[in-house]
Each structure stands twice: as C-alpha cells, then as structure tokens.
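Shown next, in structure tokens, is the structure this report addresses.
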Amino acid sequence: MEENPYAKHLEGREAIAILTATPARLHELLTPLSEEEINRVPGPKKWSLRELMAHLADCELAFGFRLRQALPPIGEGIGAPDLPAIQTFDQDVWATRYAVYDFAASLATFDALRAWNLRLLSTVRPEDREHRLQHPERGPITVQTIVETIAGHDTHHLRLLESLLKHEGVQEVPSPS
C-alpha cells in the first residue's frame, strides 16, 4: 500500500506553507456563500459544503492527535525501536453524524485546531521529522509523512471545492493569493 496517497497533491510545494495558507483560502471561498449554497448536496454520495467543512475539522483533530502520538518528548532522542501505532478512522462513519454540525462552528473549529497544530509543528526539530511510527494500513511512516498527508489532504479538498464552485457557477473562484 502507498505510504502517503496525498503526497502527489503537494506538487513540490512546502507542506507547512500549505497548512498555513489553507484557513484563509477556505474563508475566501466559503464565507461569501449563502446558507442554501453551503447546504446544497451536489449529488448522490457527495457531501454538502457544510459536511465537507465538518470533515476538515474532524481530520484536523485526528491528524493533530497523530502528530502528538508521533512526536518524542523534547530533549529525547528518536525513541524506542518499537514504533508507536497510530489509529485509523473511517470518514464515512464519522460523516453519519455531520447533520448536527453547522458550517460556522465547523469552520471555527478547523481554524482553531489548525492554529493549535501549527504551534505544535513550530516545536518540531529536524530529527523529529524522521521519527517513525506504525500506520496499521500503510506500515512505517514518519512525522514528516503525517505533515505532508495533512497538506496534501488540504490541497486535494481545496481543488475539489474550487472545481465544484466553478462548475456550479456559484461564484467566480478567486485565484489563490
């Protein structure tokens, strides 16, 4: 199995720069929309923009937890030879509860968690990036793999969002700043 299926979405860009820019891009794309546009389901087995925002908030929570599992304490080396195992999650199961989340709360949650996770990442030393852990489906991965996965996940969903908004003619999609 592929170690990081989202790595291809980075296209050579720095992961931390993507993580830093994503909240502003989401606000730029989503806050001008009406409640009807936010709640419109674009098709069968597709999420509304409200549900997508809940997904992004959930993923930020899950990815942040993975980072915390993976990072060794400051002042310690790379860690024991045994690789800590991280938990997987089923986004479709989590999505069955998205009806209770409103868009503004999901966006605010994402913003707060992303800011919190970026603060954590500011403490990561070069040697921490190579700290290894065990993904149950992908095998051994590193802290850097998690960071790149988050950034690739952001890029993937931003592109889908931009495409959806353009396709539905909801708005002129501004170019990323």
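Where helices (runs of 4 or more DSSP H) fall entirely within region 6-73, those with at least 1 residues that are within 12 Å of the chain's Cα centre (by Cα) are at 15-30, 49-70.
For every residue, the table says whether it meets (1) at pLDDT below 90; (2) among the β-branched types (Val, Ile, Thr).
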residue: His135; (1), (2): yes, no
residue: Val147; (1), (2): no, yes
residue: Ile150; (1), (2): no, yes
residue: His156; (1), (2): no, no
residue: Arg159; (1), (2): no, no
residue: Glu162; (1), (2): no, no
residue: Gly169; (1), (2): yes, no
residue: Glu172; (1), (2): yes, no
residue: Ser175; (1), (2): yes, no
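Taken as a whole, region 78-88 holds at least one residue that is of a type in the set (S, T, N, Q) and modelled with pLDDT under 95. Considering only residues of region 119-145 that are among the polar types (S, T, N, Q) and surrounded by fewer than 17 Cβ atoms within 10 Å (Cβ to Cβ), which is nearest to Pro72 (Cα to Cα)? The residue in question is Thr123.
The values are calculated or read from the model by the stated rules, or taken from the named source; none is laboratory data. Quick caveat, the model's predicted, so the values are computed rather than measured. Cβ: placed from backbone, ideal geometry, glycine included. Neighbour counts: every protein chain shown.
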